[in-house]
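Here it is: the structure, laid out below.
A short reminder: the numbers here are calculations on the coordinates, not readings from a lab. Nothing here was measured: the structure is a model prediction, and the numbers come from that model. Positions of Cβ are generated from backbone atoms using ideal geometry, with glycine treated the same way; all protein chains shown enter the neighbour counts.
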Amino acid sequence: MADARTNSTFESIASSCSRRGFLKLSGAAALALGLTACGPAAQDSGDSGDTTATDATSTAAFGTDGNLRVGMEAAYAPYNWQATAESEYTIPIENVSGAFADGYDVQIAKTVAEGLGLKPVAIKLEWDGLIEALGQGQIDVIIAGMTATPERQESIDFTDPYYVGTYGLMVKKGSEYENATSIQDFKGAAVLGQKDTLLDTVIDEIKGVNHLSPVPTVPDQISNLLAGSCDAITFDVGNIASMTEAHPELVGIIFDEGKGFSEEVPVNIGISKGQDDIVKQMNDILATIDEAKRQEIWEAAVERQPE
């Protein structure tokens, strides 16, 4: 994966995102949402096949040719991932031949696009290239678990949140920290986060922590934890089931209110400045998706995500 990140091209745009805390993980079917059209004014996916994203994304105005071009990594399940087969849940990845995108972000993108009277297509990009691509008109929106931080809001605009996440700490079974009840129990521990994300910056809430240099991806965090290169890693609580299922030797610690990280991380849709009318339309569409429906969509994405 990747929300809690920044764009390296815009190094001043620090902090970032995540997604999930209010959602519990259990199986459920995704829900197709029918909305009245109100058109706007005129990457490790684990899948086989051609996974090479081209850089030649075209520059165009919002909604050109009836498409909503959605920027994402397509490599961070259950939020977004790359698939080789088309299904009712997928959208095509425009710059990867024969590939499709699925995930929670994708279902939100489909709902928003339908409400705008557009067809959603994914543009697969590196995390640190998303804001630049938006500024250059290569994509219409970012729906990739990005948080509307004050720094980012200096460059782009955001919708209301479509997800709210929280963080915990993950350790190996048998660790001296396995029974911790507060993040402050990790004083002196070597804790590893993900580069350019809140998964890294929140570590400094632990007093006396050994804050290690962050790594590029969540899989890198996990690899380091398994190898014993750190005592703990930060993780998005909403992904605890899939992470511990894939790595049963790991334990996710979720802290009681007041004992954990203070950050609650809303996830928003990013859009270029100067499109207030479209932002309002998207907010109206998001408002139709109540918490129960968001949970249902999330749980279904968790069930479908690649192992």
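Where a Cα-Cα gap under 18 Å defines reach, which lysines qualify for Lys280, not counting those fewer than 8 residues away within the same chain?
Answer for Lys280, where 18 Å is the Cα cut-off: Lys110, listed by chain and number.
So, one more: Just rank Thr84, Thr217, fewest to most, by other beta-carbon atoms within 10 angstrom. Kindly include the intermediate steps, with their values, before the conclusion.
Working: Thr84 14, Thr217 19.
Ranked by crowding around the Cβ, least crowded first: Thr84, Thr217.
Another one. Counting other beta carbons within 10 Å of each Cβ, put Ser223, Ser155 in order, fewest first.
Details: Ser223 13, Ser155 17.
Placing the least packed residue first, the sequence is Ser223, Ser155.
Another one. ³J(HN,Hα) across the range 182-189 via Karplus (A = 6.51, B = -1.76, C = 1.60, θ = phi - 60°), whole Hz, x for Gly/Pro?
9, 4, 6, 5, 9, 4, x, 6
Now, a different point. Listed here are the pairs Lys172/Lys207; Lys173/Lys259; Lys172/Lys259; which of them are more than 23 Å apart at the Cα? Walk me through the intermediate numbers first.
Values: Lys172/Lys207 21 Å; Lys173/Lys259 21 Å; Lys172/Lys259 20 Å.
The answer is none of them.
Kirkwood hydrodynamic radius, computed over distinct alpha-carbon pairs, for the range 166-263: how many Å, to one decimal?
12.9
Near the amide H of Leu68, under 5 Å away, which other amide H atoms are found, from residues 5 or more places off or on another chain, if H is placed in the peptide plane?
Under 5 Å from the amide H of Leu68: Lys119, Val121.
Next question. Hey, could you pull the Cα Rg and Dmax for the range 57-105, both in Å?
Cα-based Rg and Dmax for the range 57-105 come out at 11.2, 30 Å.
Can you work out ³J(HN,Hα) from phi for every residue in the range 150-161, in order, using Karplus 6.51 cos²θ - 1.76 cosθ + 1.60 and θ = phi - 60°, giving whole Hz and x for Gly and Pro?
Couplings: x, 5, 5, 5, 6, 10, 9, 9, 9, 7, 5, x Hz.
Work out the P(r) tail for the range 113-225: percent of alpha carbon pairs separated by more than 25 Å, whole number.
Details: 2413 of 6328 pairs.
Within the range 113-225, distances greater than 25 Å cover 38 percent of Cα pairs.
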